[in-house]
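Note sheet for the following structure.
The values are calculated or read from the model by the stated rules, or taken from the named source; none is laboratory data. All values derive from a computational prediction rather than experimental measurement. Every residue, glycine as well, gets a Cβ built from its backbone with ideal geometry; the counts of neighbours run over all protein chains shown. What goes into the accessible areas is simple: the full protein's heavy atoms, side chains included, and nothing from ligands, DNA or RNA. Shrake-Rupley method; radii C 1.70, N 1.55, O 1.52, S 1.80 Å.
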Amino acid sequence: MFKLEPVVPTEKQTDELYRQLCARAHKISHTELPVYEKHKEFVTNYPYRAWFIILQNKIALGNVYIQHDNSIGLNCSDEVNEWQIKEILNEITCEFQPLDPVPSVRVGKFFLNVAASNIHLQEKLKKLGLKESQRSFIFETE
C-alpha cells in the first residue's frame, strides 16, 4: 500500500524531490538540471494546486501534483505498475475535483502530460483505459 505525503515543503521533502529530479530520465519542462538552490526556490514557491510525494513502506516512489490547468503530473519509477498508478490517480481524483472549464484556457477534466520518450508510462495509462487526446510540438526560435 502506498501513501501520498503532502509537500509542505520541508527540507527533507525538498531534498527528496531534488533526488527524484536528478534521477528523472524523461523530461518535459526542463532540459538542464537546475542547481539545488533554484530547485529549492521552485519548491518553496509551491507552484501547484496540490503536490504529494508517493511513498510505499517509507520509500519514495516518485511524486504527483495537480496544476491549475487540471493537469496531473506523475513522476515515478518504471517499477510502479498499472495497479499502483490507478490507485494513485484514484486517490488524487477522489480528494480533488477538476476546476471548472474555461474556454480556450482549461478543460473541465483532469489530464496527464507525459514525456514523448516515456513509452512505459504511456503504455500503462493506455492499459488503464486512458485515451490519448493530443501531442505537443515545441517550436524552437533562433
- Enumeration of residues in region 104-140 that are assigned to a helix (DSSP H, G or I), open to solvent by less than 100 Å² (accessible area, probe 1.4 Å) and in contact (Cβ under 8 Å) with a residue 12 or more places away in the chain: Leu121, Lys124, Leu125
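Identify the residue in region 64-103 that is assigned to a helix (DSSP H, G or I) and not hydrophobic (A, V, I, L, M, F, W, C) and, among all such residues, is farthest from Leu125 (Cα to Cα). Walk me through how you get there before you give the answer.
Quick first cut of region 64-103, residues assigned to a helix (DSSP H, G or I) only: 82-95.
The next check asks that each one be not hydrophobic (A, V, I, L, M, F, W, C); those that pass are 82, 84, 86-87, 90-91, 93, 95.
On the way: Glu82: 7, Gln84: 11, Lys86: 9, Glu87: 12, Asn90: 13, Glu91: 16, Thr93: 15, Glu95: 20 Å.
If we take residues in region 64-103 being assigned to a helix (DSSP H, G or I) and not hydrophobic (A, V, I, L, M, F, W, C), then Glu95 is farthest from Leu125 (Cα to Cα).
Of the residues Leu4, Leu21, Leu17, which is assigned to a strand (DSSP E or B), buried (at least 17 other Cβ atoms within 10 Å of the Cβ) and either hydrophobic (A, V, I, L, M, F, W, C) or free of Cβ contacts under 8 Å to residues at least 12 places away in the same chain (or both)?
Values: Leu21 fails: assigned to a strand (DSSP E or B); Leu17 fails: assigned to a strand (DSSP E or B).
Just a single option satisfies the conditions, and that option is Leu4.
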- Scan region 27-46 for residues that are within 28 Å of Gln97 (Cβ to Cβ) and either touching a residue at least 60 places away in the same chain (Cβ under 8 Å) or open to solvent by less than 50 Å² (accessible area, probe 1.4 Å) (or both) and report the count. 2
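Sort out which residues of region 104-118 are over 8 Å from Asn70 (Cβ atoms) and at pLDDT 95 or above, and write them in order of number.
In the first step, residues of region 104-118 are kept if they are over 8 Å from Asn70 (Cβ atoms); the result is 104-105, 112-118.
Selection gives Leu112 alone.
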- Task: Name the one entry in Leu74, Leu61 that is surrounded by 17 or more Cβ atoms within 10 Å (Cβ to Cβ), modelled with pLDDT of 95 or more, under 27 Å from Val102 (Cα atoms) and in contact with a helix residue (DSSP H, G or I) (Cβ under 9 Å, 6 or more places away or on another chain).
- Result: Leu74
